[in-house]
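Participant: If you scroll down you'll find the structure; I have some questions about it.
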Amino acid sequence: MTGDTWTAEDIPDQSGRVAVVTGANSGNGFETARALAGRGALVVLAVRDLVKGAAAADAIRAEYPGAELALQEADLASLDSVREAAAAIADRFERIDLLVNNAGVFHTPRRQTSDGFEIRFGTNHLGHFAWTGLLLDRLLPVAGSRVVTVSSNAHRYRARIDFERFGVAQGRSQSAAYGRSKLANLLFTHELQRRLAAAGAETIALAAHPGWAETEILRHFPFIGLMRPLIRPLQHRAAAGALATLRAATDPAAVGGEFYGPDGLWEMRGHPVLVGSSDRSRDPGLQRQTWEASEEVTGISFEV
């Protein structure tokens, strides 16, 4: 490996490993799936839209004809879909080496998930919380297995969780709602790692953020067509944004509880390195409270 200039070339051989990536049909999720498949992993593309998922799989196979890929329909905005998809994966695969919680929504029309949660919190955090809990037994016996959850630097901004209205709309700001969901991703990662370590599990939990990657996540943002020429110099390609996730998922030196992101100005772009997070994200009491509230509203309990 190359220290602080870590690239996709530093990904170790992934032959014989099974990786499950949510939101793998586009953006950072697609690039993560593509890189892992290119290194020999069997990659399950967990996607909301099977047509787009199939197109993504075709694109990966065009580049890597021998790629081992599987498609699984999974809508993180529906706990019923999460349960069905997790059961299908558990039936098909006896082991999972990498669980990459990547799918997410940002600036989208105000609405609720099918379970009544605010769309960003319900998808980005609660959907992945339930998903991980339902699949964890496939990771726990596997040496070197990892759960990598994709957060964002938005976890620092106006992100405060109201436990009296946990999971439902809290104010009108979509940016604050997104930041709240990304804070929950980090709180979840830290609490999961604490529980895994206490149980002496083989699995570790880490987090990553892509910086400001050029993906479809801003497609609903007002005036995005006019803004793109102005913001593009601040962004990097989705393939570069995925490197933080890939390092967290595959770097042999990575340790549970670590957070990876770009090393450039304001962590918007650059090579993946260890980065810090907000004081709130590192609060053990808040981590535990978020975990317990998430168990309560999803009805999902973990084995650890």
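Participant: So what is the relative contact order for the range 129-180, in percent, with contacts set as C-alpha pairs under 8 Å and at least six apart? Please list the in-between numbers first.
Facilitator: Details: 25 pairs, mean separation 17.8, N = 52.
Once divided by the residue count of the range 129-180, the mean separation gives 34 percent.
Participant: Separate question: What's the Kirkwood radius of the range 111-200 in Å, using all Cα pairs?
Facilitator: Values: mean 1/r = 0.0719 Å⁻¹.
Answer for the range 111-200: a Kirkwood hydrodynamic radius of 13.9 Å.
Participant: If you don't mind, there's one more thing I want to ask. Once the cut-off is 25 Å, how many percent of the Cα-Cα pairs in the range 18-162 end up in the long-distance tail?
Facilitator: Values: 2668 of 10440 pairs.
Result: 26 percent of Cα pairs exceed 25 Å.
Participant: Kirkwood hydrodynamic radius, computed over distinct alpha-carbon pairs, for the chain: how many Å, to one decimal?
Facilitator: Working: mean 1/r = 0.0528 Å⁻¹.
Result for the chain stands at 18.9 Å.
Participant: Return a whole-number percent for the relative contact order of the chain, with Cα pairs under 8 Å and 6 or more residues apart as the contact set. Each step should come with its number before you reach the end.
Facilitator: Details: 636 pairs, mean separation 57.1, N = 304.
So the answer I get is 19 percent.
Participant: Just to be sure I follow the definition: excluding the sites themselves, where is the longest run in the chain that has none of the trypsin sites (Lys or Arg not before Pro) in a DSSP loop with at most 16 other Cβ atoms within 10 Å?
Facilitator: Numbers: sites that count: ARG95, ARG110, ARG111, ARG158, ARG160, ARG172, ARG219.
Result for the longest clean stretch: 1-94.
Participant: Provide, in order from the shortest bin, the percent of all Cα-Cα pairs of the range 1-66 in each 10 Å bin, continuing until the bin that contains the maximum pair distance.
Facilitator: In order of increasing distance, the bins hold 23, 51, 22, 4 percent.
Participant: A further question on this structure: How much FRET efficiency would the formula 1/(1 + (r/R0)^6) give for ARG111 and ASP91, where r is the Cβ-Cβ distance and R0 is 30 Å, rounded to 0.05?
Facilitator: Values: r = 32 Å, r/R0 = 1.05.
After rounding to 0.05, the efficiency reads 0.45.
Participant: Please compute the modelled spin-label separation between SER173 and ARG61, points set 7 Å along Cα→Cβ, answer in nm with one decimal.
Facilitator: My value for the distance between the label points is 4.6 nm.
Participant: Also: Grab the DSSP H runs of the chain that are 4 residues or longer, score each as -39,500 (n - 2.57), total them, divide by all residues and round the 222 nm result to the nearest 500 deg cm²/dmol. Don't skip to the end; give the middle numbers.
Facilitator: Values: 9 runs with 108 residues, N = 304.
Calculated mean residue ellipticity at 222 nm is -11000 deg cm²/dmol.
Participant: Once fully extended, how much extra length lies between GLN289 and THR5, figured as 0.36 nm per residue of separation less the alpha-carbon to alpha-carbon distance?
Facilitator: Details: separation 284, 0.36 × 284 = 102.24 nm, distance 3.71 nm.
In short, 98.5 nm is gained.
Participant: When the dipole is taken about the Cα centre of the chain, and only Lys, Arg (+1) and Asp, Glu (-1) are charged at their Cβ, what size is it in debye, to the nearest 20?
Facilitator: Details: 32 positive and 35 negative charges, 199 e Å.
About 960 debye.
The numbers here are math on the coordinates, done by the rules we state, and not lab data. All values derive from a computational prediction rather than experimental measurement. Using ideal geometry, Cβ is built from the backbone for each residue, glycine included, and neighbour counts are taken over all protein chains shown.
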